[in-house]
Amino acid sequence: MSTPFAKTLDGLRTNPELKLFWDCIWTPPETRDQFLEYTGQLRRFATHSGGLLGRSPDFLAGIVSAWAANADHFGDGAEQLREFHRQCRAENSILTHAISDISERGRIAEDRLLEVVARDADGIYLSGFKQLATLALYADVLLIYPYRMLTEAEDRTALCVAIAPDSDGVTVHSRAGFRAAHEIPDESIDALDEQDAIIELDHAFVPNSHVFIDGSVAQCNTLRARTGMTHPAWIQALGRMAAKAEMYYTLAERVLDGGQTSVKEPGVILAKLRRFAASTQRDFTAAIESAAFDDRYGFWAADRTMLLQGIGNFTERIEGASTLLAQIAGLDLICPKPGRTTQHGLIPAAPQLSDWTLFTNLSSGAYGYRQNKYELAFVGDPDRLAAG
């Protein structure tokens, strides 16, 4: 509770209006009605953050729920996985994952790979590094599993485990926040900054109850294909993108309503952003309409091609949308007029943020730059993924 984002996350967790969201995100939908309720809750929750929380609680909840529905894939770790899922659901746990390996000059740093360094009857001991741990400072549990395909010689790194970020031997190396010197602390963009991090483990103990895969390269390399875990993750992502595109349009409209700006044709800018929002929402709706019960996984899932097409459309447009925001203000970004757009409350998760703080951070600040890079890197090249 010592940081602006911790207060934001706690507010989302305790908001009575979001109770149904927390109740349903841990249950894979078995009927069409359940699927529609599930995706509706994903979309409504995304609106609370304006689509800016890339690693919000429903992302990992969907992944772990897909694992639990297909727990047999984990072999000896199946029952541990099922119990872990039950525990997370009962406690409304907030999870994030640390899945990428440290790289140097475009090559994996072999001496920093996370691997098993010791064992005893109660569990395993891990040392090494993992990154891409957005939200690690605030999560209850870290999920560690491989993001890339492993070779047969990498069995020591073939792991799927859960560990608390405050466990002995675990260090979270987090990036500094985005708060700017001119901002009032209570109105800082840090209220929406998940702070990605690198995780260092030094002889960190993982009990057997939280070891789901240990040494099986085959299980790790087929984790996505055999559990359907990407389906709930990607529908959550596309719903978040729809909320983000809508927020961009609404924010631009509110800033323009606040007074004259440098842009010569504000109506044209708004029309482009409105089309961006409408097309992203259409892609999300189309993905929902493509859904059917998937016998492979035992739950309802949207069509993979439709999901990737929608995500690809968004990632191709997000940088252009940010440029449109910057065009609205021009020199006002450097020296804003007194009293400019002091409205609050556009984003329910951070109602203290003024329009101008949010606007400048998205259109010309490091926060907005990082947001765009995150979107572009989220699934890599969607055309390559769609091609198999």
| note | Ordering 45-58, 96-109, 192-205 by per-residue average of other C-beta atoms within 10 angstrom, highest first, gives 45-58, 192-205, 96-109
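Could you please state how large a percent of the accessible area of the stretch 31-77 is carbon and sulfur, counting protein chains only and using a 1.4 Å probe?
Values: 640 of 1340 Å².
After summing per-atom areas, the C and S share lands at 48 percent.
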| request: Using only protein heavy atoms and a 1.4 Å probe, report how much of residue 151 is accessible, in Å² to the nearest 10. | output: 80 Å²
| message | Students often forget the sequence filter, so: which aspartates and glutamates lie under 16 Å Cα-Cα from residue 272 once same-chain residues fewer than 8 apart are removed? | response | 246, 253, 316, 319
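Quote the FRET efficiency, to the nearest 0.05, computed for residue 164 versus residue 107 with a Förster distance R0 of 30 Å and r equal to the Cβ-Cβ distance. Write down the numbers at each step before the final one.
Working: r = 31 Å, r/R0 = 1.04.
Approximately 0.45, to the nearest 0.05.
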| field | Unit charges on C-beta of K, R, D, E only; dipole of the chain, Debye | value | 1300 debye
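Give the carbon-plus-sulfur fraction of the accessible surface of the stretch 187-264 in %, rounded to a whole number; probe 1.4 Å, heavy atoms of protein chains only. The partial results should precede the final answer.
Details: 1140 of 2530 Å².
About 45 percent, which is the carbon plus sulfur part of the accessible surface.
How large is the charge dipole for the stretch 96-140, taken about the Cα centre, if only the Cβ atoms of Lys, Arg (+1) and Asp, Glu (-1) carry charge, to the nearest 20 debye?
Magnitude of the dipole: close to 200 debye.
Taking 8 Å as the Cα distance limit and 6 or more residues as the minimum spacing, I'd like the relative contact order of the chain as a percentage.
Working: 684 pairs, mean separation 77.7, N = 388.
Normalised by residue count, the contact order of the chain is 20 percent.
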| Taking a probe of 1.4 Å, how large is the accessible area per residue of the stretch 29-170, in Å²? | 42 Å²
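If you average over every viewing direction, what projected area does the convex hull of the Cα atoms of the chain give, in nm²?
Details: hull surface 76.8 nm².
Computed as one quarter of the Cα hull surface, the answer is 19.2 nm².
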| Once the dipole of the chain is set up with Lys and Arg at +1 and Asp and Glu at -1 on Cβ about the Cα centre, which of 146, 22, 366 lies farthest towards its positive end? | 366
| request: Arrange the peptides 121-132, 224-235 so that the one whose residues have, on average, the most other Cβ atoms within 10 Å appears first. | output: 224-235, 121-132
| Quick one: which of 65-72, 289-296 comes out on top by average Cβ neighbours within 10 Å, and what's the full order, highest first? | 65-72, 289-296
| said: Run the simple label-point estimate for residue 264 and residue 378 please: 7 Å along Cα→C-beta, distance reported in nm. | reply: 3.4 nm
| task | Give the distance, in whole Å, between the Cα centre of the stretch 207-277 and the Cα centre of the stretch 99-129. | result | 30 Å
| query | If a helix is a whole DSSP H run, which ones in the chain reach 27 Å or further along their own axis (Cα) and hold a mean Kyte-Doolittle hydropathy of at least -1.0? | reply | 230-257, 266-289, 304-329
| Can you list the aspartates and glutamates whose alpha carbon is less than 17 Å from that of residue 19, not counting same-chain residues fewer than 8 positions off? | 10, 37, 58, 91
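Could you compute the net charge surrounding residue 127? Neighbours are other residues with a C-beta less than 10 Å from the C-beta of residue 127; K and R count +1, D and E count -1. It would help to have the intermediate numbers written out before the result.
On the way: positive: 112; negative: 115, 200, 202.
That sum, taken over residues with Cβ under 10 Å, equals -2.
The values are calculated or read from the model by the stated rules, or taken from the named source; none is laboratory data. Everything numeric here is computed off the predicted structure, so don't read it as measured data. Cβ sites come from the backbone with ideal geometry, for glycine too, and all protein chains shown count toward neighbours. Please note that ligands, DNA and RNA were not included when accessible areas were found on the heavy atoms of the full protein model with its side chains. Shrake-Rupley method; radii C 1.70, N 1.55, O 1.52, S 1.80 Å.
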